[in-house]
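J.: This is the structure I want to talk about, given as structure tokens.
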Amino acid sequence: MTLKPEMSNELRHMVRDVLREVMAQRNVTSGSAVESVRIANDHDLAGFIARVTEPETLEKLRAGKLRFTLGAVPAPAIAISAPALTGVVTEQKIDHLKDAGTLVLAPGAVLTPLARDKARKLGLTIERRP
């Protein structure tokens with residue numbers, strides 16, 4: 001069965017979230033091995049499932065001698081057309097826009113020094129509209 005790309009991405013994110021929660025709640029037995037897992041696409045997911053279903057791996061998991069953690073996976077770029085910010089852009093406004101990815105400043109908008117620092121710390125890009 002072939003999934004639409006947006007459904008496939010959503011499913012991958014849900015699996016990552018569930019795995020992250022389960023692994024965080026699991027009691028870690030001393031001396032257990034920890035493997036970092038990166039699931040960025042269908043191929044990675046299939047490889048992880050194959051690894052987990054190996055009899056030796058299943059036994060280690062059940063005995064608490066092996067656990068998995070999610071490795072960092074870059075978030076997919078989402079194109080969002082953000083409205084241009086006007087007036088004085090303060091640090092508080094930046095806090096509300098931390099998930100925007102890009103801050104678009106309208107002509108005449110002023111970005112305070114604290115707001116610029118906050119945007120840099122959050123990894124936001126700043127663009128100015130002509």
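The values are calculated or read from the model by the stated rules, or taken from the named source; none is laboratory data. Fair warning: this is a prediction, and the values are worked out from it, not measured in the lab. Ideal geometry is used to build each Cβ from the backbone, glycine not excepted, and the neighbour counts take in all protein chains shown.
J.: For segment 105-130, how many residues are under 16 Å from GLN92 (Cβ atoms), touching a strand residue (DSSP E or B) at 6+ places or on another chain (Cβ under 8 Å) and part of a loop (DSSP other than H, G, I, E, B)?
T.: Within segment 105-130, residues that are under 16 Å from GLN92 (Cβ atoms), touching a strand residue (DSSP E or B) at 6+ places or on another chain (Cβ under 8 Å) and part of a loop (DSSP other than H, G, I, E, B) number 3.
J.: If THR112 passes every condition in (1) under 28 Å from SER8 (Cα atoms); (2) among the polar types (S, T, N, Q); (3) at pLDDT 85 or above but one, which one does it miss?
T.: (1)
J.: Right, next: For VAL34, state whether it is more than 21 Å from the chain's Cα centre (by Cα) and either at pLDDT 80 or above or hydroxyl-bearing (Ser, Thr, Tyr) (or both). Don't jump to the end; show me each part of the working.
T.: Values: more than 21 Å from the chain's Cα centre (by Cα): no; either at pLDDT 80 or above or hydroxyl-bearing (Ser, Thr, Tyr) (or both): yes.
In short, no.
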